[in-house]
Amino acid sequence: MKRLLVLLALMVLGMSAFAAPRGTKVTNRQFPDGTGSSKIMNPDKKTAEETFMDSKGKVTHKIVYALDERLQPVSAACYSAKGILNYKSAYTLDGADRIIQEVMSNGQGKLICTKNYIYGTRNGQSQLLEIEWYDSKNNRVEMVKKKKK
């Protein structure tokens, strides 16, 4: 039942694509935990908007991306379900269009943290190996991994 509700919510969000400009791309995803998202990309405006839903189909948050000429993200604004700006991110990409750095700030532009994404190769595939976190004073934040039960 939950999956059906999420799928229906994704379909409703995707319906807006029928009135969208030519070239608009809609991507609906469902995650293993029953949550999902619907992303609408508008290449003409160089924007993408992704709406996230819980397993019951209720909107949890939305991210609006600004895209470059290759339609890769250069910045994002994350909003709560009520439309309140939670934070902004600015991205640096490498030559393979992977995000290698994310600088997060609050709505007033005050630095929250910086994340550096470290990539490598495993089994012949490029993969994200680590994310280095730095706080607003550029101090490295060690992430504690939870032990599997």
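No value in this document is a laboratory result; all are computed from the given coordinates. From a predicted model like this one, the values you see are computed outputs, not experimental measurements. Cβ atoms come from the backbone with ideal geometry, glycine included; neighbour counts cover every protein chain shown.
For segment 29-87, the equivalent ellipsoid built from the Cα gyration tensor has semi-axes of 22, 14, 8 Å, listed from largest to smallest.
Take each peptide in 31-39, 46-54, 115-123, count the other Cβ atoms within 10 Å of every residue, and average; sorted highest first, the result is 46-54, 31-39, 115-123. When the P(r) is computed for segment 95-149, the part past 20 Å accounts for 41% of the Cα-Cα pairs. Net charge around R70, counting only other residues with Cβ within less than 11 Å of its Cβ (Lys, Arg = +1; Asp, Glu = -1)? So the environment of R70 carries a net charge of -2. Shape index of segment 33-135: Rg/Rh, with Rg the Cα radius of gyration and Rh the Kirkwood radius from the inverse mean 1/r over Cα pairs, equals 1.00.
Taking a Cβ cut-off of under 12 Å around Y79, the surrounding Lys, Arg, Asp and Glu residues balance to a net charge of +1, with basic ones at +1 and acidic ones at -1.
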